[in-house]
Amino acid sequence: EEYAKDMLRMCVYLGAMMYPETNRTAVWEYFIKWGYDGYLLYDVDSKGKIAERPGAYTGNNKSDFFSLMKTHVSKHVLRERHLDLLEQLKNIGSIDEMTSYDLLTAALMALWGARSRYNDVMKRFSNDMPSLNDLARVF
């Protein structure tokens, strides 16, 4: 619970969304329980359907995660400022060792989450919502 509170504080302070591992439910379940589920980032499929759980599970598609990282490194390695991440990329022997490389796994999750179209879907809903000016006119 304390870890979930720290993650929530981070999201609020940075104005960031949380893209948690779906197989570790505590963080996102606490966000929902505490009424901060707006900070959770969900995947959206090609038909616009929002996933049931926020985040992703790295165990199912490790090769896809690493393919995305390979593309990222090939395009951005000269601007990459996280030397520890590059060190972990250099040292990992195989995809199966991913559980021993937390920083690398976090970076993979961040890249994967950055691809989500969830914010675009939510903007469509928010366009239908009244603005603060609309609500102010009521009073």
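The values are calculated or read from the model by the stated rules, or taken from the named source; none is laboratory data. Because the structure is a prediction, the values reported are computed rather than measured. As a convention, Cβ positions derive from the backbone with ideal geometry for all residues, glycine included, and neighbour counts pool all protein chains shown. Heads up: the accessible areas ignore ligands, DNA and RNA and are worked out on the full protein's heavy atoms, side chains in. Shrake-Rupley method; radii C 1.70, N 1.55, O 1.52, S 1.80 Å.
For the chain, what relative contact order do you get, as a whole percent, if you take Cα pairs closer than 8 Å and at least 6 residues apart?
22
Treat each spin label as a single point 7 Å out from the Cα along the C-beta direction, and report the Val12 to Ser100 distance in nm.
3.9
Please compute the per residue accessible area over the chain with all protein chains in place, 1.4 Å probe, rounded to a whole number of Å².
Heavy-atom accessible area per residue stands at 72 Å².
Put a dot 7 Å past each Cα toward the Cβ at Arg115 and Lys90; how far apart are the dots in nm?
2.7
To the nearest 10 degrees, how steep is helix 102-114 against the longest Cα principal axis of the chain, on a 0 to 90 scale?
So the inclination is approximately 40 degrees.
If you line up the long axis of helix 62-76 against the longest principal axis of the chain, both from Cα atoms, how many degrees apart are they, to the nearest 10?
Tilt of helix 62-76: around 90 degrees.
For Asn60 and Glu80, what is the calculated FRET efficiency with R₀ set at 22 Å and r taken between the beta-carbons, to the nearest 0.05?
So the FRET efficiency works out to roughly 0.25.
Could you give the angle, 0 to 90 degrees to the nearest 10, between helix 118-127's Cα long axis and the longest principal axis of the Cα atoms of the chain?
10
What figure in square angstrom, to the nearest 10, would you give for the accessible area of Asp6 with a 1.4 Å probe?
Number for this one is 70 Å².
Take Met122 and Glu29, extend 7 Å from each Cα along the Cα→Cβ direction, and tell me the distance between the two endpoints in nm.
2.2
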